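Working notes for the structure below.
The values are calculated or read from the model by the stated rules, or taken from the named source; none is laboratory data. Treat the numbers as computed from the prediction; the structure is a model and nothing was measured. A quick note on method: Cβ atoms are made from the backbone with ideal geometry, for glycine too, and the neighbour counts reach across all protein chains shown. All accessible areas refer to the heavy atoms of the entire protein, side chains included, with ligands and DNA or RNA removed. Shrake-Rupley method; radii C 1.70, N 1.55, O 1.52, S 1.80 Å.
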Amino acid sequence: MGGPTPPDRHQVVAMLAGFGDRGPDQVGEVLDSLELTWLVAQVEQRYGVELELSDEVFAGMGTVTGAVDTLATALDRARGDG
């Protein structure tokens, strides 16, 4: 078990900046569904896991802060740590 550390806020913002080819300073706190879909795909690719996120969990990722927290939990579960 174990594995790479889940992405922190800085890393999540950097991944989101890749959507639309923008700078990290152009990423807002509130995320739309396309940004979330992009982010989940990036995390799955980077960590080599498939995240199973319910609609309720996905809805909780509507902000950068929510995404960071949710991804940490989801990655732990996907890797069998939590």
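Details
- Here Leu51 meets each of (1) modelled with pLDDT of 95 or more; (2) of a type outside the set (Asp, Glu); (3) touching a helix residue (DSSP H, G or I) at 6+ places or on another chain (Cβ under 7 Å) with one exception, condition (1).
- Qualifying residue in the range 39-53 (condition: surrounded by 11 or more Cβ atoms within 10 Å (Cβ to Cβ), farther than 16 Å from Ala74 by Cβ and of a type outside the set (Gly, Ala, Ser)): no
- Exactly one residue out of Asp25, Asp8, Asp21 is open to solvent by 40 Å² or more (accessible area, probe 1.4 Å), over 15 Å from Asp76 (Cα atoms) and modelled with pLDDT of 95 or more: that is Asp25.
- When the range 64-74 is filtered for residues that are open to solvent by less than 50 Å² (accessible area, probe 1.4 Å) and either in contact with a Lys or Arg (Cβ under 8 Å, 6 or more places away or on another chain) or closer than 21 Å to Phe19 by Cα (or both), the ones remaining, listed by number, are Val64, Gly66, Ala67, Val68, Thr70, Leu71, Ala72.
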